[in-house]
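**Q** After the structure tokens below, expect a handful of questions from me.
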Amino acid sequence: MNSTTISPLPTDEVMVEATHAAAALSLPYYWFSHNTMRERLRIPHYLIGNLVRYRMSELAIWAAHCNTVQNRNAENSSDEGTS
């Protein structure tokens, strides 16, 4: 029988605030500080009381996924322009 194990994210990973997340990823601060942008961009985050915190490992995965989607959309747009 084949079994797949899913390793959980490390629970000892330090959670960071919006300023650190934005600087580390070279993205606009307001993406992380405004709730509307976090929801629109589907940025993974945690609400701890009234604080918002991020895990860099999750943000790295999110950023890689967003770049893949943007590259795919750019390729589709350029294909449509050459038809």
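Just so you know, all these numbers are worked out from the coordinates, no wet-lab data involved. No experiment lies behind these values; they were computed from the predicted model shown. Glycine also receives a Cβ, built like all others from the backbone with ideal geometry; neighbour counts cover every protein chain displayed.
**Q** Share of Cα-Cα pairs in segment 15-81 beyond 19 Å, in percent?
**A** Considering segment 15-81, 36 percent of its Cα-Cα pairs are separated by more than 19 Å.
**Q** Summing +1 for each Lys or Arg and -1 for each Asp or Glu, what net charge is found among the other residues whose Cβ lies under 11 Å from the Cβ of PRO44?
**A** +3
**Q** If I model a spin label at GLU17 and TRP31 as a point 7 Å from the Cα along the Cα→Cβ vector, what separation in nanometres do I get?
**A** With each label placed 7 Å out from Cα toward Cβ, I get 2.0 nm.
**Q** Fully extended, how many nm does the chain gain between ARG40 and CYS66 (0.36 nm per residue separation, minus their Cα-Cα distance)?
**A** The span from ARG40 to CYS66 would gain 8.1 nm if fully extended.
**Q** Among SER26, SER57, SER33, what is the fewest-to-most ranking by other Cβ atoms within 10 Å?
**A** In order of increasing Cβ crowding within 10 Å: SER26, SER57, SER33.
**Q** Sticking with this one: Of the peptides 58-64, 34-40, how do they stack up when ordered by the mean number of other Cβ atoms within 10 Å, highest first?
**A** Ranking the peptides 58-64, 34-40 by packing returns 58-64, 34-40.
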